[in-house]
Amino acid sequence: MCTVTSLILTLLIGMASGAEMEHRLSWDLSIQGTTIGKRDLTVKYVKGDIGMRRIIESWTEIDGDAGPIRVQYRQRMTAHAEGRDPAAFQSVIDEGGARREVQGRWSPSAWWVTVNADGRQRTLELPINRIDLSTADLMDPASRLPLSHFEEARILSAETGEVLTGGITQLGTKELDVAGDSVLCNGYAWDSPQGRSEFFYSADGFLVRYTTQMLGIQMEANLSHPPPGGVDDFPVRFGFPEITETNL
């Protein structure tokens with residue numbers, strides 16, 4: 001004999017999974033030990049067609065001196081990712097007054113990359129095996145394309161529209177201090193034609209620290225607060241009403 005108990009529980013779980021959740025992160029950006037900027041990131045989780053969809057929004061602002069070079073840089077990026085596909089993104093950059101826009105979109109048959117700079121727009125259709133992931137995916141804690149899956153990665157830059165190829169080296173585990181908390185991370189190095197970049201991720205996939213080349217200078221980013229828990233750590237936002245069993 002059936003009851004409506006399981007039906008009610010199923011509905012509640014469905015309501016909870018459809019609720020919007022989000023994570024907020026912020027990194028301090030430094031060059032040669034001097035803090036010159038900040039990167040803020042919001043990851044929103046919403047119900048998608050085939051699972052949980054992530055909406056990734058970031059704002060990066062740099063204004064400072066790196067030796068004799070004055071660095072002024074702003075970037076706003078929005079990316080959407082779902083399932084095992086790479087993120088689709090739109091990125092708008094202002095670099096010392098020079099503006100450009102970069103868009104990247106994956107489809108089952110090709111990548112579409114558009115760069116709009118200096119009043120000219122160029123769109124390229126690239127084979128799907130030409131690009132593995134983009135720098136937007138590197139910021140996605142739920143990406144199905146982590147660096148651990150690659151021995152060599154072809155990465156599309158959401159900052160320039162370039163595709164760079166380089167080998168991946170696993171750096172092992174490392175405890176990093178984040179605002180007084182010790183966070184165990186897995187590290188990966190990516191050696192591209194522009195130089196070596198390193199990325200350290202928490203067990204839940206959050207990027208804790210990274211170093212990369214910018215204008216020929218190594219820039220370091222450190223998470224300013226300990227990383228949050230993963231998606232599974234979100235509390236259910238709905239109260240459970242009293243359930244009464246009724247025979248059908």
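Only the coordinates and a few stated rules stand behind these numbers; no lab work does. If you're wondering where the values come from, they're calculated on a predicted model, not measured in any experiment. Cβ: placed from backbone, ideal geometry, glycine included. Neighbour counts: every protein chain shown.
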Review point. Short version: ³J(HN,Hα) in whole Hz for each residue of the range 157-172, in order, from phi by Karplus 6.51 cos²θ - 1.76 cosθ + 1.60 (θ = phi - 60°), x for Gly and Pro, what are they?
Key: 7, 6, 9, 10, x, 7, 10, 10, 10, x, x, 9, 10, 7, 9, x
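So how much slack lies between M52 and Q213, counting 0.36 nm per residue of separation and subtracting their Cα-Cα distance, in nm? It would help to have the intermediate numbers written out before the result.
Numbers: separation 161, 0.36 × 161 = 57.96 nm, distance 3.26 nm.
Full extension from M52 to Q213 adds 54.7 nm.
Within the range 113-188, report the trypsin sites (Lys or Arg not before Pro) that DSSP leaves as loop and that have at most 14 other Cβ atoms within 10 Å. Could the numbers behind the result be given before it?
Numbers: sites: R120, R122, R130, R144, R154, K174; in loops: R144.
Loop-located and lightly packed - R144.
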**Study point:** Long-range amide H partners of R99 with built H, under 5 Å
**Key:** D118
Revision key, fill the gap. With 0.36 nm assigned to each residue of separation and the Cα-Cα distance removed, R24 to N116 gains 30.2 nm
Review point. So which aspartates and glutamates can K47 reach, going by Cα to Cα under 18 Å and dropping same-chain residues fewer than 8 places off?
Key: E20, E22, E57, E82, D85, D140, D232, D233
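Viscosity 1.002 mPa s, temperature 20 °C: Stokes-Einstein D of the range 103-212 from its Kirkwood Cα radius, in µm² per second?
142 µm²/s
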Review point. Radius of gyration and Dmax for the range 24-228's Cα atoms, expressed in Å?
Key: 16.5, 50
